[in-house]
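Enquirer: Have a look at this one.
Values in this text are rule-based calculations from the coordinates and carry no lab data. These numbers were taken from a predicted model, which means no experiment stands behind them. All Cβ positions, glycine included, derive from the backbone under ideal geometry; neighbour counts span all protein chains shown.
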Amino acid sequence: MATLDRRDVVRELLRDRGELLVVAGLGASAWDITAAGDVAQNFPLWGGMGGAAMLGLGLVLAQPARRVLVITGDGEMLMGLGALCTIAVQKPANLAVVVLDNEHYSETGGQETATRHGVDLAAIARGAGIADARQVTEAAGVAALRQDIHASAAPLFAVVKVAAGNHPLVLPPREGAYLTARFREAVLGPAAHHQL
Amino acid sequence: MDPDWPDRIYETLKVHAITQVALVPDAGHARLIRRCIADPAMRVVTLTTEEEGVAMLLGSWLGGAKGVLLMQSSGVGNCINMLSLPVLHRAPLPMLVTMRGDFGEFNPAQVPMGNATQPALEAMGTLVRRADTPEEVAPVVDAVLRLAFNTFRPTAALLGQRLIGAKTFGKD
């Protein structure tokens, strides 16, 4: 049984985050990054299930000098597994994808996902060609992961096994245009609003 | 008739400073894809499914880059729910779609999605413009890029089968 608490994991991963840009998949992952602090360098998704990792890829290709962390759930990642192939082929050095794997669809009543039945997302990522694809089950691994997110020289993929069960909702703003403008200004400065 | 219309698309992409090209290949886009791959200022990303490109190009825009999504009409069906992202987030998403199941189709499997391409895009809030002759290609692609980046929304240029020619499987 996984014992890591997802809120603790995210709080540790985002500690002293510096210029790190963070994308969160819909649902609990978006609530988790918001619980750690609703800042402009966060881009929490409210929809587009299966798209979080690819959104991260587009962002790192546009911003090769910035570190980007995608935090998402096992259900969201399972819906877009092809993204692992696409990312592996592109080999962005500044992208990390972390799956908080509680083996359940926690937003819809706690139904089991495929990872509950042995599907190994880290092995899938490794098979796609992401050499550093790891599984983390204890706090020491989370601390090491946090360091590597800021220092890796190749795409990084990690499955962090976390306890099932819901936390209190901590909702980010849900006006998409606001989230876009806030994030773009944080990355590009005020010129973001005048880009042609 | 201008047989070099794919080059006109490439030139239009350059005018608009497009630097990211996400695609699932289609024969109708083959020449344009070759031009983009040969351009060191363009990052070409081959996707496993078209919806990846919708999410990717939102990320591109968040990082200040301008991209375009190339696909065949069947790929539009793979994008439907993901098109909620550029609508919700008021993000530019120009799509260049080569049509199948449109005019003189041989393969019956192409007809349902070809017939539904424009209504499906429009149902998801995408502005759609069509080009059916070589002369229409450059102005339509230019219009679709302008609509996307000037007004922050998904847009699509449908490149008709009369333009690209129907695949005949040797049954001419």
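Enquirer: Using Cα positions and a limit of under 24 Å, work out the lysines in reach of B:Lys66, with same-chain residues fewer than 8 apart set aside.
Expert: Qualifying lysines at Cα under 24 Å: A:Lys91, B:Lys14.
Enquirer: A further question follows. If you average the alpha carbon positions of region B:137-157 and of region A:132-196, how far apart do those two centres end up, in angstrom?
Expert: Rounded to whole Å, the Cα centres lie 31 Å apart.
Enquirer: Considering the dipole of the protein assembly as shown built from charges on the beta carbon (Lys and Arg +1, Asp and Glu -1) around the Cα centre, which of A:Pro155, A:Leu4, A:Gly189 is farthest to its positive end?
Expert: A:Gly189
Enquirer: To the nearest whole percent, what portion of all C-alpha pairs in region A:121-196 is separated by more than 13 angstrom? Spell out each step's value before the answer.
Expert: Numbers: 2188 of 2850 pairs.
Value for region A:121-196 (Cα pairs over 13 Å): 77 percent.
Enquirer: Of A:Glu107, A:Glu175, A:Glu76, which is the most mobile in a GNM of chain A whose springs link Cα atoms less than 10 angstrom apart?
Expert: Sorting by GNM fluctuation, first place goes to A:Glu175.
Enquirer: Using the beta-carbon distance between B:Glu11 and A:Thr137 and R0 = 45 Å, what value does 1/(1 + (r/R0)^6) give for FRET efficiency, to the nearest 0.05? Mind dumping the intermediate values first?
Expert: Numbers: r = 54 Å, r/R0 = 1.19.
The calculated FRET efficiency here is 0.25.
Enquirer: I've got another one for you. Shielding of A:175-188 by partners, i.e. mean partner chain Cβ atoms within 10 Å per residue? All intermediate terms of the calculation are to be shown ahead of the outcome.
Expert: Values: counts 3, 9, 5, 2, 4, 10, 2, 0, 4, 5, 0, 1, 3, 3.
What the average comes to for A:175-188 is 4.
Enquirer: A follow-up question, please. Using Cβ counts within 10 Å as a stand-in for footprinting exposure, how do B:Ser84, A:Ser152 rank, fewest first? Each step should come with its number before you reach the end.
Expert: Details: B:Ser84 19, A:Ser152 16.
Lowest to highest Cβ neighbour count: A:Ser152, B:Ser84.
Enquirer: Of all beta bridges DSSP finds with both residues in the protein assembly as shown, what is the antiparallel percent, to the nearest 5? Intermediate results must be reported in sequence, preceding the final value.
Expert: Numbers: 2 of 50 bridges.
In the protein assembly as shown, DSSP labels about 5 percent of beta bridges as antiparallel.
Enquirer: Counting only other residues whose beta carbon sits under 14 Å from that of A:Leu156, what net charge do I get with K and R as +1, D and E as -1? Numbers along the way, then the final one.
Expert: Working: positive: A:Arg67, A:Lys91, A:Arg126, A:Arg134, A:Arg146; negative: A:Asp132, A:Asp148.
That works out to +3.
Enquirer: Whose amide H sits under 5 Å from the amide H of A:Glu103, counting only residues 5 or more places off or on another chain, with H placed in the peptide plane?
Expert: Under 5 Å from the amide H of A:Glu103 lie the amide H atoms of A:Asp74, each far enough along the sequence or on another chain.
Enquirer: Computed over the Cα atoms of chain B, what is the convex hull's projected area averaged over all directions, in nm²? Don't jump to the answer; show the numbers that get you there.
Expert: On the way: hull surface 36.8 nm².
One quarter of the hull surface, i.e. the mean projection, equals 9.2 nm².
Enquirer: Taking the Cα centre of region A:1-90 as the origin, how large is its charge dipole in debye, to the nearest 20, when only Lys and Arg (+1) and Asp and Glu (-1) carry charge on their Cβ atoms?
Expert: Working: 7 positive and 9 negative charges, 38 e Å.
Taking the Cα centre of region A:1-90 as origin, the dipole is about 180 debye.
Enquirer: Using the 2.2 N^0.38 Å rule of thumb for compact globular proteins, work out how region A:6-190 stacks up: its C-alpha Rg over that value, please. Show your work: numbers first, answer last.
Expert: Numbers: Rg = 14.9 Å, N = 185, 2.2 N^0.38 = 16.0 Å.
That works out to 0.93 for region A:6-190.
Enquirer: Using Cα pairs closer than 8 Å and at least 6 residues apart in sequence, work out the relative contact order for chain A, in percent. Mind dumping the intermediate values first?
Expert: Working: 360 pairs, mean separation 51.0, N = 196.
So the answer I get is 26 percent.
Enquirer: Another one. If packing is taken as the average number of other Cβ atoms within 10 Å across a peptide's residues, how do A:1-14, A:35-48, B:103-116 rank, most packed first? Please list the in-between numbers first.
Expert: Details: A:1-14: 18.0, A:35-48: 19.9, B:103-116: 14.7.
The most tightly packed comes first, giving A:35-48, A:1-14, B:103-116.
Enquirer: Write down the percent of antiparallel bridges among all DSSP beta bridges whose residues are both part of region A:49-196, to the nearest 5.
Expert: On the way: 2 of 19 bridges.
Of those bridges, close to 10 percent are antiparallel.
Enquirer: Which value, in debye to the nearest 20, gives the size of the charge dipole of chain B about its Cα centre, when Lys and Arg are +1 and Asp and Glu are -1 at the Cβ?
Expert: On the way: 16 positive and 17 negative charges, 65 e Å.
My answer is approximately 320 debye.
Enquirer: Where Lys and Arg each count +1 and Asp and Glu each count -1, what net charge lies around A:Asp132 among other residues with Cβ under 13 Å from its Cβ?
Expert: Working: positive: A:Lys91, A:Arg126, A:Arg134; negative: A:Asp148.
Residues near A:Asp132 contribute +2 overall.
Enquirer: Over all directions, what mean area does the Cα convex hull of region A:1-105 project, stated in square nanometres? Please report the intermediate quantities before stating the final value.
Expert: Values: hull surface 25.9 nm².
Approximately 6.5 nm², given one-decimal rounding.
Enquirer: Also, I was wondering about something else. Restricting to Cα pairs below 8 Å that are 6+ residues apart, what does the relative contact order work out to for region B:40-172? Please round to a whole percent.
Expert: The value is 27 percent.
Enquirer: Compactness ratio of the protein assembly as shown: Cα Rg over 2.2 N^0.38 Å, N = residue count?
Expert: On the way: Rg = 20.8 Å, N = 368, 2.2 N^0.38 = 20.8 Å.
Relative to the rule-of-thumb radius for its length, the protein assembly as shown sits at 1.00.
Enquirer: Under a 5 Å amide H to amide H cut-off, with H placed in plane at 1.01 Å, what residues pair with B:Leu93 once short-range neighbours are removed?
Expert: B:Arg153, B:Thr155
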